[in-house]
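Read the structure below first, then the notes.
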Amino acid sequence: MRFIRLIFVAALALVLVAVALANRDMVTLSAFPANFGQYLGGTWSLTVPLFLVIFVAFALGMLAGLVWEWLREAHFRREARQRNAEVVRLESEVGHLRDRHAAPRDEVLAILDEPAPAKGAALPAVR
C-alpha cells in the first residue's frame, strides 16, 4: 500500500511540475474593473505566474468542498455521538441490573458472562 501511495504522489508531483512549466507566463489579477481602482486609491492588482493562480484556485476549491462536506455531515456525527452515549448508558444499566438480580455463582462463570465494553466506553479501573 505504501508503494502505491508513493507512485501516486510521484505521478501527481510530475503532473504539477508539468503544469507549472507549461504555464509560467505572468498574469495580472485585478480586484476591480479597469478604472474603478483609481477611485479607491492604491494599486488593486497583482502580477503572478499563471500556474500559481491555477494551483491556488484548485486549493481553495478543495478547501471549500471540504468545509461544505464537514458542515453537511455534522448532524450524522452528532447523532452517532448521541447513540454511542445511549449505548454506554444502557450497557451500564444492564450491568447494574445483572449485579442486583443475579444469583450468586461461580467466579469464573461470572467473568465469562461479562460483556465486552463498547467502542468508546471507558474500561473499568484495575484494582
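The values are calculated or read from the model by the stated rules, or taken from the named source; none is laboratory data. In this text the structure is predicted, and so the values were computed from the model without any measurement. We place every Cβ from the backbone using ideal geometry, glycine too, and count neighbours over all the protein chains shown.
Which one of these is in a helix (DSSP H, G or I) and within 30 Å of residue 13 (Cβ to Cβ): 88, 108, 53?
Result of the check over 88, 108, 53: 53.
Let's see how each residue does on (1) in contact with a strand residue (DSSP E or B) (Cβ under 9 Å, 6 or more places away or on another chain); (2) surrounded by 10 or more Cβ atoms within 10 Å (Cβ to Cβ); (3) among the polar types (S, T, N, Q):
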| site | (1), (2), (3) |
| --- | --- |
| 1 | no, no, no |
| 12 | no, yes, no |
| 19 | no, yes, no |
| 28 | yes, no, yes |
| 33 | no, no, no |
| 41 | no, no, no |
| 58 | no, yes, no |
| 65 | no, yes, no |
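Any residue that is under 30 Å from residue 20 (Cβ atoms) and at pLDDT 80 or above - is there at least one of those in the range 69-76?
For the range 69-76, residues under 30 Å from residue 20 (Cβ atoms) and at pLDDT 80 or above: present.
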